[in-house]
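So the structure is just underneath, and the comments pick up after that.
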Amino acid sequence: MKRQSQTRDPGKKLTLSLDAYCGTFKGQYNLPVKIEMVEGGMVLRLGNLVADVTHWHHDTFRARLRQRRLAEEQDWYLTFTIAEAKIAKLHIHSEHDVQADFVLVGRAGN
């Protein structure tokens with residue numbers, strides 16, 4: 001499997017505006033993930049985990065955990081599926097053990 005850094009194409013731009021990717025998502029076991037704009041940057045909150053989120057390429061973002069145990073292995077990649085100009089699904093994955101799908105249940109600010 002190629003490392004995420006080898007597949008990056010920084011020339012690929014977002015499909016939607018940055019704030020359109022923010023909201024509350026729920027996955028298996030009703031586990032909520034919140035992505036919000038904080039002081040001009042995106043932040044992901046999942047339980048007690050907090051990550052700073054930056055655009056990677058196209059509709060994929062990198063979430064860098066603030067409390068890190070390992071180096072880049074702890075980065076998560078957030079890939080959004082867009083349908084009819086709206087977020088349809090969020091897939092979170094890492095190069096190691098994190099794999100999860102979430103659906104949008106609320107927009108930021110609602």
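All of the numbers you see were taken from the coordinates with simple rules; none came from a lab. Note that this is a predicted model, so its numbers are computed, not measured. Note: ideal-geometry Cβ built from the backbone for every residue, glycine included; neighbour counts use all protein chains shown.
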Inset, instruction - Could you work out how far apart the two model spin labels at I82 and L16 are, taking each label as a point 7 Å from the Cα in the direction of the beta carbon, and quote it in nm? - result: 0.9
Inset, instruction - Based on other C-beta atoms within 10 Å, arrange K13, K26 from fewest to most. - result: K13, K26
Inset, instruction - Could you give the size of the charge dipole of the range 10-72 about its Cα centre, using +1 on the Cβ of each K and R and -1 on the Cβ of each D and E, expressed in debye and rounded to the nearest 20? - result: 240
Inset, instruction - Taking 7 Å along the Cα-to-C-beta vector as the label spot, tell me the V98-M37 distance in nanometres, rounded to one decimal. - result: 2.3
Inset, instruction - Rank the residues I35, I82 as a footprinting-exposure proxy: fewest other Cβ atoms within 10 Å of their Cβ go first. - result: I82, I35
Inset, instruction - Indicate the gyration tensor shape class of the range 4-105 (rounded, prolate or oblate), computed on the Cα atoms with a ≥ b ≥ c the square roots of the eigenvalues: a/c under 1.5 is rounded; otherwise a/b larger than b/c is prolate and the rest oblate. - result: rounded
